[in-house]
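To start, the structure itself, in structure tokens.
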Amino acid sequence: MKHATHPLLQRRTSGVLLHLTCLPGRHGSGDLGDGALHFLDWLATAGQSLWQILPLTPSGPGHSPYRSPSAFAGNPWLVDLDDLVACGWLPALPNQRFDPRRCDFERVMPYRRAALNQAWHSFRQHALAGDREAFEHFVREQAGWLVDYARFMVLTERHGEAWTRWSAELAQRDPAALQRLDAEAGDALGFWHFVQWRFQVQWARLRAAAHARDIHFVGDLPLFVDHHSADVWTHAGKFRLDLQGEPSVVAGVPPDYFCVDGQRWGNPLYRWDVMAADDFGWWTRRARHLLSMLDVVRLDHFRGFDAGWEIPAADTTAANGHWHAGPGEALFDALETSLGPLPFIAEDLGLITDSVTALRLACGFPGMRVMQFGFDGSPVNMHLPHNLAPGMVACSGTHDNDTTVGWWQSLAPEVRDAVRHYLGPQVDTEVHWAMVQALSQSVANTLLVPFQDVLGLDSRHRMNVPGQARGCWTWRFDWTMVDATPARRLGAMVRAHGRT
């Protein structure tokens, strides 16, 4: 099948990367409320047309948005509690002493869970007929994933992780056992239905507000799902598991720029032959659901669609893995047949072979170039702005990189000299602006810049360190860190370079 690049990715656009949890807000982490609306106004002032976020799904081990118990559900901790107050399902919430520049998830999650639970019970008792009808309609409409997600969450709270350690009848999804659960756990199941309903209502409201400002959302589709997830529990036959339901091999990446030992992610691998047998039905449902919420989707670890790094499950590092063939173009043929033109970006970073590039080009997906990777001494390095092509997404860094200021401060003297020769003496005082300007001037259609780089923040504000299990994903900002200069400069820059 011949694939064409989606029209939105053919425009010259500019956007900012900032995950929703990083937003200011009085409830301990960013959410879908007023803080998100205020950031939309900032983006509009800065002339930006894209807001890039990380996965919207619930966070998992280490609070990572890439280790989720569901590929379909929204993150409960993003639900705007003030909206529940406005609906009359919560009393006014007092201000809490949460850190305004860090998500203290150990305190935030129990606090938000208690508030959501209170709202659910108030809704059950006092909901107006129209709200109750809208809730019931949502549950019916989303039943294909919502029913088993709610079951999974209830069982996880009762029996813990992993699902393979539950009783055999529950682990193996005995129909009679599931019927008994539905009959006796109605209130607990309803809670998870209610939370997902409010997430979807609030997200739709935020996305409509973005579109009213001509701003589009760029979000992530992680290639893999977590073993302890509703998806693997519900569709175990589609994953490479042993007779006990445990992964026989797990996902990761070989040694690379980020980690000398590689990364052992631990996610189960797909049985791509089984997926293909029903024309990739699970993937089609997943992509359709995500495209109902996002305007552009970044395919995280695109390399794995060509071939994935397969690690024996018993190994503690990724060193002894090997490559295993992925689904290739057949998956994207099936998705486009069902869903139409695909607004996908291929995250093609790391060890990229000719076959990975050929797959990306055949699918018509823009690839990613990260300027921090450009200074290896070669003028033909593909990450340098003068080597970019229109069908590329230009970035100063990603959520996995150090901030540009932190990166600059950590460079060896000879590499700093190379950066100075390329970008000019401005790097000694404003390396972040020098880098963003060079990328904005390039022919790459899409420019995406982490908010930390717009503000010129150092390594203390880094979002994630690949391979580090703890202490990541917690960064937040507050508006005292932001004056009028970044929006003014960014807006003038993108207008000068013909970006919208």
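Readers should treat all values here as calculations from the given coordinates under stated rules, not as data from a laboratory. As the structure is a computational prediction, the values presented were derived from the model and not from experiment. We place every Cβ from the backbone using ideal geometry, glycine too, and count neighbours over all the protein chains shown.
If you take the Cα centroid of the range 187-261 and the Cα centroid of the range 322-362, the two points sit 19 Å apart. Here the 3J(HN,Hα) profile of the range 103-111, calculated from phi with Karplus coefficients 6.51, -1.76 and 1.60 at θ = phi - 60°, is 7, 8, 4, 5, 8, 5, 5, x, 4 Hz, Gly and Pro shown as x.
Across the range 113-192, the fraction of Cα-Cα pairs farther apart than 20 Å, rounded to a whole number, is 39%. Across the alpha-carbon atoms of the range 70-168, the computed radius of gyration and Dmax are 15.9, 45 angstrom.
Across the range 3-150, the convex hull enclosing all Cα atoms gives 165 Å³ per residue.
Roughly how tilted is helix 175-184, in degrees to the nearest 10 and between 0 and 90, from the longest Cα axis of the chain? Taking Cα atoms only, the helix is inclined about 80 degrees.
Calculate the all-directions average of the projected area of the range 308-397's alpha-carbon convex hull, and give it in nm². Don't skip to the end; give the middle numbers.
Details: hull surface 31.4 nm².
Quarter of the Cα hull surface area: 7.9 nm².
Between E141 and D417, the FRET efficiency estimated from the beta carbon spacing at R0 = 51 angstrom works out to 0.30.
For H159 and A319 in one chain, what is 0.36 nm times their gap in residues minus the Cα-Cα distance, to one decimal in nm? Intermediate results must be reported in sequence, preceding the final value.
On the way: separation 160, 0.36 × 160 = 57.60 nm, distance 3.35 nm.
Result: 54.3 nm gained on full extension.
Normalised by the empirical 2.2 N^0.38 Å for globular proteins, what value does the Cα Rg of the range 232-375 take?
Numbers: Rg = 15.7 Å, N = 144, 2.2 N^0.38 = 14.5 Å.
The reported ratio for this selection is 1.08.
Put a plus charge on the Cβ of each Lys and Arg, a minus charge on the Cβ of each Asp and Glu, and nothing anywhere else: the dipole of the range 203-322 about its Cα centre is then about 540 debye.
A simple rule links phi to the HN-Hα coupling: the Karplus curve 6.51 cos²θ - 1.76 cosθ + 1.60 with θ = phi - 60°, which for the range 295-308 gives 9, 9, 10, 8, 7, 5, 6, 4, 3, x, 6, 8, 7, x Hz, with x for Gly and Pro. Report, to the nearest 10°, how far helix 34-45 tilts away from the longest principal axis of the Cα atoms in the chain, using its own Cα long axis and a range of 0 to 90°. Computed tilt is about 30 degrees.
Extension gain, R488-D261: 0.36 nm per intervening residue step, less the Cα-Cα distance, totals 77.5 nm. Compute the angle between helix 354-363 and the longest alpha-carbon principal axis of the chain, please, reported from 0 to 90 degrees and rounded to the nearest 10. For helix 354-363, the angle is close to 70 degrees.
Only four residue types carry charge here, +1 at the Cβ of Lys and Arg and -1 at the Cβ of Asp and Glu. Report the dipole size of the range 57-186 about the Cα centre in Debye, rounded to the nearest 20.
Values: 15 positive and 17 negative charges, 79 e Å.
Dipole size: approximately 380 debye.
Solvent-free Debye calculation, one equal scatterer per alpha-carbon of the range 46-115: log10 I(q)/I(0) at 0.22, 0.26 Å⁻¹ equals -1.10, -1.21. Applying the Karplus relation 6.51 cos²θ - 1.76 cosθ + 1.60 with θ = phi - 60° to the range 134-151 yields 3J(HN,Hα) values of 5, 4, 5, 5, 4, 4, 5, 5, 9, 4, x, 10, 5, 4, 6, 4, 4, 4 Hz, where x marks Gly and Pro. Computing Rg/Rh (Cα atoms, Kirkwood Rh) directly from the structure and comparing it against [x] 0.96; [y] 1.34; [z] 1.04 singles out [x]. Note that the range 71-110, at 10 °C in a medium of 1.306 mPa s, gets a Stokes-Einstein diffusion coefficient of 132 µm²/s from its Kirkwood radius over C-alpha pairs. Rounded to the nearest 0.05, the FRET efficiency derived from the C-beta distance between R26 and S355 at R0 = 51 Å is 0.55.
Between the residues M463, L447, T429, the greatest Cα displacement towards the positive end of the dipole of the range 406-478, with unit charges on the Cβ of Lys, Arg, Asp and Glu, is found for M463. Please say if the range 216-317 is rounded, prolate or oblate, where rounded means a/c under 1.5 for a ≥ b ≥ c the square roots of the C-alpha gyration tensor eigenvalues, and otherwise the choice is prolate for a/b larger than b/c and oblate otherwise? Verdict is oblate for the range 216-317. Around the amide H of L17, modelled in the peptide plane, lie the amide H atoms of Q52, V449, F451, all under 5 Å away and 5 or more residues distant in sequence or on another chain. Taking every C-alpha pair closer than 8 Å and separated by at least 6 residues, the mean separation divided by the residue count of the range 225-373 gives a relative contact order of 22 percent.
Taken along the Cα-to-beta-carbon direction at a fixed 7 Å, the label points for R124 and A389 span 5.7 nm. Calculated mean residue ellipticity, 222 nm, the chain: -12500 deg cm²/dmol, from DSSP H runs (n ≥ 4) at -39500 (n - 2.57) each, averaged per residue and rounded to 500.
Calculate the spin-label point distance for Q426 paired with D41, positioning each point 7 Å from the Cα along the beta-carbon direction, and give it in nanometres. Here the modelled spin labels are 3.0 nm apart. Could you let me know the centre-to-centre spacing of the range 115-173 and the range 430-462, using Cα atoms, in angstrom? Result: 41 Å between the Cα centres.
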